[in-house]
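These notes are about the structure you will find just below.
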Amino acid sequence: MNGRILGVDPGDKRIGLAVSDPTGTIASPLRVILHVSRILDAAQIAQAAVEMDVRLILVGQSLDDDGNPSPEGRKAMRLADAVRQQTALPVEMWDESFSTQIARQTRIAMGVARKKRKGHMDELAAAVILQSYLDAQASETQEEAE
């Protein structure tokens with residue numbers, strides 16, 4: 001199914017946003033929202049979804065070793081619920097484990113200088129989360145076609 005998807009990397013101080021291309025193939029960092037309150041954060045996420053004309057909002061959720069939501073994952077669920085109150089768009093949860101570490105490794109692989117790597121990686125982490133979702137969807141679609 002084509003259409004843009006908004007990826008959300010929730011954090012205690014900042015919330016990273018990423019968006020897919022219209023074909024739902026490639027994720028790109030979009031911007032960072034500074035955390036204010038769950039309701040205001042959800043409103044900003046819903047507004048970004050409208051601006052980007054997305055069909056789905058994907059919220060990253062960290063899981064523990066048993067596959068259950070961690071304390072941060074439960075916060076992400078509450079944020080997703082708040083987003084659902086702000087929009088009629090579907091809101092899904094997606095495992096975001098290791099997204100920040102992958103974002104950091106990506107910046108190193110891209111040759112970003114150590115001084116510049118110290119910056120926030122929230123929007124890049126959101127892109128990592130979104131890309132893992134897009135790749136999983138593409139893999140599922142390919143398996144169904146075979």
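Every number in this text was worked out from the coordinates using simple rules, so none of it is lab data. Worth saying up front: this structure is predicted, and the values here are computed from it rather than measured. Cβ placement follows ideal geometry from the backbone for every residue including glycine, while neighbour counts extend to all protein chains displayed.
In this structure, Lys13 and Asp53 have a Cβ-Cβ separation that, at R0 = 41 Å, corresponds to a calculated FRET efficiency of about 0.90.
Order these by the 10 Å Cβ neighbour count, fewest first: Ser20, Ser139.
Working: Ser20 27, Ser139 10.
By the 10 Å Cβ count, ascending, the order reads Ser139, Ser20.
In a simple Cβ point-charge model (Lys, Arg +1; Asp, Glu -1; nothing else charged), the range 1-76 has a dipole of about 260 debye relative to its Cα centre. Each of Leu63 and Glu146 was given a label point 7 Å from its Cα along the Cα-to-Cβ line. The distance between the two points is 2.2 nm.
Going from the residue with the fewest nearby Cβ atoms within 10 Å to the one with the most, Ile15, Ile33, Ile26 rank Ile26, Ile33, Ile15.
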